[in-house]
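The numbers here are math on the coordinates, done by the rules we state, and not lab data. Just so we're clear, the structure is a prediction, and the values are computed from it rather than from any experiment.
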Amino acid sequence: MKKSPDKKNKQLTEENSGYDSWFSLIDALLKPGVSVATLTTFIENNDIKALDQVDRIITATDGGEQESTSKARALNLLAFYFAELRDCDELPPGAHPDVDPGRWLEWGSPLIRFGWTKNEVPDDPDDFAKWIANSLPESKKPSSSQNRDPNDWKEQARQIADECYDSDTRNNCRDSLKGYASRVMDKMRKREIYAPHGPIDNPNTVMRDALQADKWWRKKKPITYGKRGISGKRI
């Protein structure tokens, strides 16, 4: 029995539409524990997919930045997004009304045109961060919890704190130092990052040894809440 034209067209649309099975760079950036820098390094060393002119999922090409489906364009877009994140953090409120990094994470953003199929990435947010980290070249992977310098856990704690800080910046909010210490401790346990004596179960240890004062916190810009969101007073 022949399919009617309407049913056939509907089937073709469902089978070829990329969005139903699509995990975009926007989805990746919204996952906890994923920074722009880590995602950029991952893409430089691995394949990424793109949506073509009719929303078919294809492997990104090796063309130049001007090519709409090239890996170079994906990396360039991430660089532009990061530049706006940095500018938003450095400028006082209202100094540059065109700087709005949040628009990069909305539906119309060009970042939505690059990503992976949903069956390529883990469902769990924390597993996604591990998937990214484990796919990096050996020289750029976070070191394992075994056979490493005893102070290395502190550096990894600061990297996780940076991830939390960047995520808060994208969402126009900021945590306290104690809040970051608690979040970092939870993520360290999930990622099996241990101190020489074993797992850390007290956020005050993370705060004291890795994050407080010049170790991390003082280097972060204070924030205020103005007309455009965050900028200069700590909470």
Long-range amide H partners of Trp22 with built H, under 5 Å: Lys118
Residues with amide H under 5 Å from that of Ser70, placed H, sequence gap 5 or more: Thr61
